[in-house]
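Written below as C-alpha cells is the structure these notes are about.
The values are calculated or read from the model by the stated rules, or taken from the named source; none is laboratory data. None of these values were measured; they are calculated from a predicted model. Positions of Cβ are generated from backbone atoms using ideal geometry, with glycine treated the same way; all protein chains shown enter the neighbour counts. Protein only, heavy atoms only, side chains kept; ligands, DNA and RNA dropped before computing areas. Shrake-Rupley method; radii C 1.70, N 1.55, O 1.52, S 1.80 Å.
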Amino acid sequence: MQEYFAINKINEKFILSEQDNFHIERVLRMKNGDHIIVTYESKKYDCIIDFKNGLNVTYFCELEVSNELECEVTLIYGLPKKDKFEMVVQKSCELGVTSIVPFLAKRSIPVLDDKNTNKKLERWNMIAKEACEQSKRNELVKVVQPVKLKDLLNYKSELNLIAYEDLNCVGSSHLYSLLGNNPKSITIVVGPEGGFDKGEVDFLSENGFISVSLGKRILRSETAPLYMLSVIGFMNERNK
Ligand code: SAH
C-alpha cells in the first residue's frame, strides 16, 4: 500500500503536500474508498481517501509498526562531485540514517554557491522524503544546511566516528569493534572523493571523534557511508 508523510492532522483528517495530492489523484488515479498509509509524528495510520471537494484523507486505524533502527545515526558527508550526494541520500534513508549533514570539506569539489544551495537542499530533502516513503520509514530524514568543519561539533552523538582511509593512522580499529556496547546515537563522518585533509582529521580527533577503518580496501566516497550504515544496521537488528 502506498505510503505518504502527512504535513498536518486536523481531527480525523490528514493533510498531505500538494505534490502528494497530485500523485494520488492524477498519477495513481486512486478512487473513493481506496486506502493509503499515512505516517505522522512517527506513527503510521491506515487511511481511507475520498474526493468530495478535493482529496480527503481520513483516519481508519493506527498501525503498530516501527521500521526504525534503535540507534540514531547522523551522517556527516564530505560533499562529493555531482549527483553522487543524491544517491547517498537515497540509499542512506533506506538504510536507516536519521539525519544527513553535507560537509564542505577542504577537498570537496565546490558544487554549492549561495544561489544554488537552497535549490539543492530542497531537491535533497525531496529525495529523502521519497526514499523514506518507499522504505516505509516512521521518521522523515532531514538533510540540513551544509556546514564547515567547526560546525560539525554541533552534530555529535554518544559515539562519534570518522572513517579515515589512511592505513598508517595508528590504532584505527575496524568500525565493527566500536559498536559492541550498542550506542543509542552515532555520528559518522565520511570524506569526499579526495579524502580528508590531515588537519580535518586532527581537529575531529581532538574533539572526541574516533578514527575507524572500513577494512583493507579503499572504498569510493559514495560507498563508504553505505558500508557504515549497513554494518550499524546489522549490529542493531541482527537479533530482532
Ligand atoms: N583518498 C582516497 C579516497 C578517499 S575515499 C584515495 O586514496 O583514493 C573517500 C572517503 O571514504 C574517505 O575520506 C574515508 O572517509 C572513506 N573511506 C574509504 N575507504 C576507507 C577505509 N578503508 N577505511 C576508512 N575510511 C575509508
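For a straight C-alpha distance cut-off of 21 angstrom, the lysines reachable from Lys216 (same-chain residues fewer than eight places away being disregarded) are Lys198.
Per atom type, the stretch 3-63 shows carbon and sulfur on 49% of its accessible surface, probed at 1.4 Å. A helix-only calculation puts the chain at -8000 deg cm²/dmol for mean residue ellipticity at 222 nm, using -39500 (n - 2.57) for each DSSP H run of at least four residues, averaged over all residues. Cross-link partners for Lys44 among the aspartates and glutamates, with Cα-Cα distance under 15 Å and sequence neighbours closer than 8 places in the same chain left out: Glu3, Glu12, Glu62, Glu64, Glu68, Glu133, Glu139.
Put a dot 7 Å past the Cα of Lys198, heading toward its Cβ, do the same for Asn154, and the two dots end up 3.0 nm apart.
If the limit is 27 Å between Cα atoms, which of Lys120/Lys156; Lys9/Lys84; Lys31/Lys119 go over it? In this structure, Lys9/Lys84; Lys31/Lys119 lie more than 27 Å apart at Cα. Please state, as a whole number in µm²/s, the translational diffusion coefficient that the Stokes-Einstein equation yields for the stretch 98-240 at 10 °C and 1.306 mPa s, with Rh defined as the Kirkwood radius across alpha carbon pairs. The Stokes-Einstein estimate is 97 µm²/s. Each principal axis of the Cα cloud of the chain was evaluated for its coordinate range; sorted largest first, these ranges are 66, 46, 28 Å.
Taking only protein heavy atoms and a 1.4 Å probe, the accessible area of the stretch 72-237 is 53% carbon and sulfur. Taken per residue, the accessible surface of the chain reaches 54 Å², heavy atoms only and a 1.4 Å probe. Taking every alpha-carbon pair under 8 Å whose residues sit at least 6 apart, the stretch 26-123 reaches a relative contact order of 19 percent.
Within the shell defined by Cβ-Cβ distances under 14 Å, the residues around Asn67 carry a net charge of -3, with Lys and Arg each +1 and Asp and Glu each -1.
Computed over the alpha-carbon atoms, the stretch 71-173 gives an Rg to Rh ratio of 0.98, Rh here being the Kirkwood radius from the mean inverse distance. Using C-alpha pairs under 8 Å with a sequence gap of at least 6, the mean separation divided by the residue count of the chain gives a relative contact order of 20 percent. The Lys106 and Arg238 beta-carbon pair, evaluated with R₀ = 35 Å, returns a calculated FRET efficiency of approximately 0.45.
Dividing the C-alpha radius of gyration of the stretch 3-63 by 2.2 N^0.38 Å, with N its residue count, gives 0.99.
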